[in-house]
Structure formats: structure tokens, C-alpha cells
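**Q** The following block contains the structure, expressed as C-alpha cells.
A short reminder: the numbers here are calculations on the coordinates, not readings from a lab. Worth saying up front: this structure is predicted, and the values here are computed from it rather than measured. Counting neighbours? That spans all protein chains shown, and the Cβs are built from the backbone with ideal geometry, glycine included.
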Amino acid sequence: QRIRAELEAAFGPEYGPWLRWLGNVRSLLFRRRVDPQRRKAALHRMASRDVYERFARAQRQREGGSL
């Protein structure tokens, strides 16, 4: 609970959609039985700031917001 509270304080609700997406991708990789090393590498790449920023930008565009 303490760690969750700290993370929620550090990261606002704008991270929610991206975290749900990451969770879905993670589940997909496990269901497809991807090699553990490849899965780990893929998840590390997807959990980067760059991917988050691209995800957020695409989401704003879908919602009709500014770039």
C-alpha cells in the first residue's frame, strides 16, 4: 500500500491509459509464450519515457487535443 501511494503521488492519472496498455501488452506476451529474454527486452523498451510520450501524443490526437 505504501509503495502504491508513493507511485500514485509521483505519477498522475494521465499515466493510467498507458499503464493499462502496458499491462495488456505484457499479458499478450505471456499468452504467446514469448522467450523470457525477448519479453523482458520488449517490455523495457515499451516502458520508456519515449514510448510514453508517443503514446500520450497519439492519445491527445485521437481525442482531438493539441500536439
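**Q** Of all residues in segment 1-38, count the ones that are more than 23 Å from Arg54 (Cα to Cα) and either under 11 Å from the mean Cα position of the chain (by Cα) or not charged (D, E, K, R) (or both).
**A** Total satisfying the criteria: 7.
**Q** Here's a follow-up. Name the one entry in Tyr15, Tyr52 that is in contact with a Phe, Trp or Tyr (Cβ under 6 Å, 6 or more places away or on another chain) and either of a type outside the set (S, T, N, Q) or surrounded by fewer than 10 Cβ atoms within 10 Å (Cβ to Cβ) (or both).
**A** Tyr52
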